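Novice: Quick one: the structure is below, questions incoming.
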Amino acid sequence: MAILGIDIGGSGIKGAPVDLDQGGFAEERVRLETPQPSDVTAVVATVAEVAGRFSGVERVGVTFPGVVQNGVTRTAANVDHSWLGAPARDLFTEALGLPVVVLNDADAAGIAEMTYGAGKGRKGVTIMLTFGTGIGSAVFIDDRLVPNTELGHIQLHGRDAELHASAQAREVEDLGWKEWAKNVQDYLRELERLLNPDLMIIGGGVSKKAEKFLPHIDVRTPLVPAALLNDAGIVGAALAASQA
Ligand code: BGC
């Protein structure tokens, strides 16, 4: 029986059965466009469609790009506001007819990196950051997660940090990689000032282009790209489902 991970992103909803021994996909991933508007009904239907493409599924982990507490979605910075206070776990469980765990997308990616990737075996405080439509964060002490940290929304130069340093901000403001790297550097230095981590991991879609911007970032904390690249969310979601 397979455990499926599904990652709800700003532009795509992606899912795959996960091989938990290897920390990779057991079958080819399916990606569908995130419905616009990304309201609860439409997204639940798309997630069910992704899950329906696979057979022999035993349980499912679903990531959400906002705060998730006890299966209820609490914030919706980059998705439709119908998600505020939505009983996500119950809605997915009903639509899929399977046990479902719902967790924050960056927390899922962080769990995967700490288990299989760039944070494996690391002690102390690790901050995993995902740069995409927004900025997601996952904070660990050794391999223990502090969930729902939302460090993408600290203030930087008087505005929300993700408006300054997310991958979307690079596109919206038409910045070159080097220019954008300076914004990311400002952001990382602010996190260092506040949290003094031992390691920072850069994930999200941009992690596959790490060579374009990481060399331009000067911070005192060891800084590494995510090893699972953009697959970490799906893998971490399945891992969380397996442990629930
Ligand atoms: C949300 C986070 C999420 C991140 C990445 C932010 O806008 O507030 O919960 O992890 O985007 O999707």
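Novice: Can you tell me which residues in segment 139-155 are within 14 Å of the ligand (Cβ to nearest atom) and of a type in the set (A, V, I, L, M, F, W, C)?
Specialist: Once the filter is applied, which keeps residues that are within 14 Å of the ligand (Cβ to nearest atom) and of a type in the set (A, V, I, L, M, F, W, C), segment 139-155 yields VAL139, LEU145, VAL146, LEU151, ILE154.
Novice: Could you check how many residues of segment 156-177 are in a helix (DSSP H, G or I) and surrounded by 12 or more Cβ atoms within 10 Å (Cβ to Cβ)?
Specialist: 10
Novice: Can ALA42 be described as more than 24 Å from ALA232 (Cβ to Cβ), at pLDDT 95 or above and out of contact with any Ser or Thr (no Cβ under 8 Å at 6 or more places or on another chain)?
Specialist: Here the answer is yes, as ALA42 does meet what is asked.
Novice: Which of the residues that make up segment 122-138 are buried (at least 20 other Cβ atoms within 10 Å of the Cβ), away from the ligand (no atom under 12 Å from the Cβ) and of a type in the set (A, V, I, L, M)?
Specialist: Matches in segment 122-138: ILE127 only.
Novice: Could you please let me know if GLY119 is more than 9 Å from the ligand (Cβ to nearest atom), touching a residue at least 40 places away in the same chain (Cβ under 8 Å), crowded, with 16+ Cβ neighbours inside 10 Å and not in a helix (DSSP H, G or I)?
Specialist: yes
Novice: When you go through (1) on the phi > 0 side of the Ramachandran plot; (2) under 16 Å from the mean Cα position of the chain (by Cα); (3) among the charged types (D, E, K, R) one by one for ASP142, which number turns out not to apply?
Specialist: (2)
Novice: Further question: Take the conditions out of contact with any helix residue (DSSP H, G or I) (no Cβ under 8 Å at 6 or more places or on another chain), charged (D, E, K, R) and either touching a residue at least 40 places away in the same chain (Cβ under 8 Å) or more than 16 Å from the ligand (Cβ to nearest atom) (or both) and apply them to GLU28. Does it pass?
Specialist: Answer is yes for this residue.
Novice: Check off (1) touching a helix residue (DSSP H, G or I) at 6+ places or on another chain (Cβ under 8 Å); (2) free of Cβ contacts under 8 Å to residues at least 40 places away in the same chain; (3) farther than 24 Å from GLY24 by Cα for PRO87 and give me the number that stays unchecked.
Specialist: The single condition PRO87 does not satisfy is (1).
Novice: Return the residues of segment 54-73 that are in contact (Cβ under 8 Å) with a residue 60 or more places away in the chain and either under 16 Å from GLY152 (Cβ atoms) or not assigned by TED's automatic domain parsing to the domain that holds ALA95 (or both); say none if nothing qualifies.
Specialist: THR63, PRO65, VAL67, VAL68
The values are calculated or read from the model by the stated rules, or taken from the named source; none is laboratory data. From a predicted model like this one, the values you see are computed outputs, not experimental measurements. Neighbour counts run over all protein chains shown; Cβ positions are idealised from the backbone, glycine included.
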